[in-house]
Amino acid sequence: MSLHEKSIAEIVAALDSKKFSCRELVSHHLDRITEANGYLNAYITVDREKALTQADAMDKARASGNAPILAGIPIAHKDIFCTKDIKTSAGSRMLDNFIAPYDATIVSKLKAAGTISLGKTNMDEFAMGSSNENSYYGPVTNPWRKDYIPGGSSGGSAAAVAARLCVAATGTDTGGSIRQPAAMCGITGIKPTYGRISRWGMIAYASSLDQAGPLTRSAEDAAILLEVMSGFDPKDSTSLNRQVPLFTQSLNNSLKGLKIGFCKEHFGKGLSSDIENAIDIAIKQFESAGASIQEIELPSSKFAIPAYYVIAPAEASANLSRYDGVRFGHRCENPVDLADMYRRSRSEGFGKEVKQRIMVGSFALSAGYYDAYYRKAQQIRRLIKNDFLAAFESVDLIIGPTTPSTAFKIGEKSDDQIEMYLQDIYTITSNLAGLPAASIPIGFSKGLPIGLQIIGNYYDEASILNLAHQYQQETNWHKMSPTAFSLEGIQPSIKP
Amino acid sequence: MIVDKDVVKDIAALALLEITPEIAEEYITSMSQILTLVEQMQSINTDGVEPMSNPLDGIQKLRLDQVTEGDQRVYFQENAPSTSEGFYLVPRVIE
């Protein structure tokens, strides 16, 4: 089997038995990036030398018998995570010159576990977007079809994993930014419970919603990485101070007796019929594995998008006030005075969507509007959480579509902002409630991948991964790779 | 909610963004669209519902007021557009 088609467990076993070295594995992936990135635009920064130096160090550690558990696994980081001495842009001109002085907690944790970072992946600017079209570094192409979006905002991470330009990648999810691109690129992605993974060193968008997670090719790989990435961090004031379950230990639990809920409103109007059919088939598979399916109600969900587009912009307008051209980031040329410097640095440094959300957020928080907008949205947030708590009285997991449609054409929805916002209609509720949720591939529609969303109760990522893994034992959707990037090598038409 | 030119001007001043009259129209349209979407919130009764700012109803944690990291000013200032003798330089504020 080709070096880039192996699971994490298979790679670890192969490295242990010296079938290949960390250097060979890392070089292989770096070569693939060189061949394919001009076409995909999945990476913003690739640090070949650093990756190879680390690979050599891991080969040495393996030879001396004291290698960490994931020694040599090549991964990529979304360019929203601070990485010491490597540019961290957040997909923005504002941070085009920003070299983070420290590693984000999850970057340190993954490094300590032995993973090797190949580079930083493209993303919607400051994670604001659902198509990866809002990046200062240009759009990412979906590996499954030319000129199609990979989803967003973690679009570079999803495309890199799907095209086998890394084994796994990190992402962040504020309204669906891990799950939606995972669905559109045919891979597995999980956003854990709010607070499970430290936000320290992760560039903030909407702090009460932001959560990091892995994008991988399988639920098993996701469980392995989630174990490493999770855990209490005193540097993040919202970090969960709870024992991290061993997610890999429950993957093989039987689904007998598992109660799965679905919400009727998630089906029908606005949902592609191919996605609905694929979910029906998945449901039958869950039932034949011993799970039972029942209908649940989430009546307040229909207010999730309006509430999100108050809360997220409001928090963003506060978080992004730090970009003032003084301590780091873009500064305009020849400012006439301080106010001019602030205004022009910000206006030149931020892209259109970011400015729009700052404007909406500033409006919602401005005098006279706070109660009608921000407070109201926070009340709706409570109602959404209460709906989920009631549903989880009778079911263990909730399933449904991740997205209303499969990937669309680059530029297709650029002129219709509201239509673009509705892409996140199924994913946003778990961010508002703070619940863990994943997307796994369950089929194709006209050659483009379809994702199934699995939402779990608080702190219960284990059940989500268990269901996903059991499904992946019976199906092969997660093993499919886009032909242009498949087994034998990257198709010549894509190479530079 | 229909946003007009004056609202865009006022909010741009609060947000420290430069929105020229040529692009103000774009913002009027997009902000009006978003705020119209957002207005759907008013159709649900939330009387007596406690607002939720943290999904786990977490509260601000306090830590001991202790120094945990040494001085790294020189290192941090490598990212600054303009510095002098340890200070961040900005355009003159006081004549």
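The values are calculated or read from the model by the stated rules, or taken from the named source; none is laboratory data. In this text the structure is predicted, and so the values were computed from the model without any measurement. All Cβ positions, even for glycine, are placed from backbone atoms using ideal geometry, and neighbour counts span all protein chains on display. Ligands, DNA and RNA are excluded from the accessible area calculation, which covers all protein heavy atoms including side chains. Shrake-Rupley method; radii C 1.70, N 1.55, O 1.52, S 1.80 Å.
Here is a list of conditions, (1) without any contact (Cβ under 8 Å) to a residue 12 or more places away in the chain; (2) more than 25 Å from A:GLY361 (Cβ to Cβ); (3) open to solvent by 90 Å² or more (accessible area, probe 1.4 Å), and B:PRO81 meets all of them except one; can you say which number that is?
Failed condition: (3).
So which residues in the stretch B:1-23 are in a helix (DSSP H, G or I), within 21 Å of A:ASP416 (Cα to Cα) and open to solvent by less than 10 Å² (accessible area, probe 1.4 Å), if there are any at all? Break it down into steps so the answer makes sense when it comes.
As a first pass, look at the stretch B:1-23 and keep what is in a helix (DSSP H, G or I): B:5-14, B:21-23.
Cutting the leftovers down to within 21 Å of A:ASP416 (Cα to Cα) gives us B:8, B:22-23.
Across the stretch B:1-23, the qualifying residue is only B:VAL8.
Tell me which residues, restricted to the stretch B:47-77, are small (Gly, Ala, Ser) and surrounded by 11 or more Cβ atoms within 10 Å (Cβ to Cβ).
The answer is B:SER53, B:GLY58.
Given the criterion over 17 Å from A:LEU70 (Cβ atoms) and touching a residue at least 40 places away in the same chain (Cβ under 8 Å), identify the matching residue among A:GLU5, A:GLU49. Write out each step before concluding.
Working: A:GLU49 fails: touching a residue at least 40 places away in the same chain (Cβ under 8 Å).
Testing whether each residue is over 17 Å from A:LEU70 (Cβ atoms) and touching a residue at least 40 places away in the same chain (Cβ under 8 Å) leaves just A:GLU5.
Here are A:ARG217, A:ARG199: which of them is more than 14 Å from chain B (Cβ to nearest Cβ) and either without any contact (Cβ under 8 Å) to a residue 40 or more places away in the chain or within 26 Å of A:GLY129 (Cα to Cα) (or both)?
One residue alone meets the criteria, A:ARG217.
Across the stretch A:390-420, which residue is nearest to the other protein chains (Cβ to nearest Cβ) among those that are in a helix (DSSP H, G or I) and either at pLDDT 90 or above or over 25 Å from A:LYS264 (Cβ atoms) (or both)?
So, considering only residues that are in a helix (DSSP H, G or I) and either at pLDDT 90 or above or over 25 Å from A:LYS264 (Cβ atoms) (or both), the one nearest to the other protein chains (Cβ to nearest Cβ) is A:GLN417.
Could you check the stretch A:316-325 and list, in sequence order, the residues that are touching a residue at least 12 places away in the same chain (Cβ under 8 Å) and within 10 Å of chain B (Cβ to nearest Cβ)?
Passing the criteria: A:SER317, A:LEU320, A:TYR323, A:ASP324, A:GLY325.
Would you point out the residue of the stretch A:213-235, among those that are modelled with pLDDT of 95 or more and assigned to a loop (DSSP other than H, G, I, E, B), that is most open to solvent (accessible area, probe 1.4 Å)?
Step one: list which residues in the stretch A:213-235 are modelled with pLDDT of 95 or more, which gives A:213-233.
If we keep only those that are assigned to a loop (DSSP other than H, G, I, E, B) too, we end up with A:217-218, A:231-233.
Values: A:ARG217: 17, A:SER218: 15, A:GLY231: 9, A:PHE232: 84, A:ASP233: 11 Å².
Only one residue tops the list, namely A:PHE232.
On the basis of being of a type in the set (Asp, Glu) and surrounded by fewer than 24 Cβ atoms within 10 Å (Cβ to Cβ), does A:ASP210 make the cut? Explain how you work it out, then say what you get.
Working: of a type in the set (Asp, Glu): yes; surrounded by fewer than 24 Cβ atoms within 10 Å (Cβ to Cβ): no.
No, not satisfied.
Which of the residues that make up the stretch A:384-424 are farther than 24 Å from A:LEU255 by Cα and buried (at least 22 other Cβ atoms within 10 Å of the Cβ)?
A:ILE384, A:THR403, A:THR406, A:ALA407, A:GLN423, A:ASP424 - these are the residues of the stretch A:384-424 that are farther than 24 Å from A:LEU255 by Cα and buried (at least 22 other Cβ atoms within 10 Å of the Cβ).
Sort out which residues of the stretch B:30-46 are open to solvent by 40 Å² or more (accessible area, probe 1.4 Å) and either at positive phi or more than 9 Å from every other protein chain (Cβ to nearest Cβ) (or both), and write them in order of number. I'd like the intermediate steps shown before the answer.
Restricting attention to the stretch B:30-46, the residues satisfying the condition of being open to solvent by 40 Å² or more (accessible area, probe 1.4 Å) are B:33, B:36, B:39-40, B:42-43, B:45.
B:ASN45, the sole residue that qualifies.
Could you list, in sequence order, all residues of the stretch A:8-21 that are outside any loop (DSSP other than H, G, I, E, B), touching a residue at least 12 places away in the same chain (Cβ under 8 Å) and within 21 Å of A:ASP31 (Cα to Cα)?
A:ILE8, A:ILE11, A:VAL12, A:LEU15
Residues A:ASN431, A:ASN476, A:ASN466: which one is touching a residue at least 24 places away in the same chain (Cβ under 8 Å) and open to solvent by 10 Å² or more (accessible area, probe 1.4 Å)?
A:ASN466
Take the residues in the stretch A:456-496 that are in a helix (DSSP H, G or I) and polar (S, T, N, Q); name whichever of them is modelled with the lowest pLDDT.
Only one residue tops the list, namely A:SER493.
Out of everything in the stretch A:434-447 that is open to solvent by 10 Å² or more (accessible area, probe 1.4 Å) and in a loop (DSSP other than H, G, I, E, B), what residue ends up being farthest from the other protein chains (Cβ to nearest Cβ)?
A:GLY447
Just wondering, is there one or more residues in the stretch A:34-41 that are open to solvent by less than 30 Å² (accessible area, probe 1.4 Å), of a type in the set (Asp, Glu) and in contact (Cβ under 8 Å) with a residue 60 or more places away in the chain?
no
Could you tell me whether the stretch A:45-66 includes any residue that is at pLDDT 95 or above, closer than 21 Å to A:LYS495 by Cβ, open to solvent by 40 Å² or more (accessible area, probe 1.4 Å) and touching a strand residue (DSSP E or B) at 6+ places or on another chain (Cβ under 7 Å)?
yes
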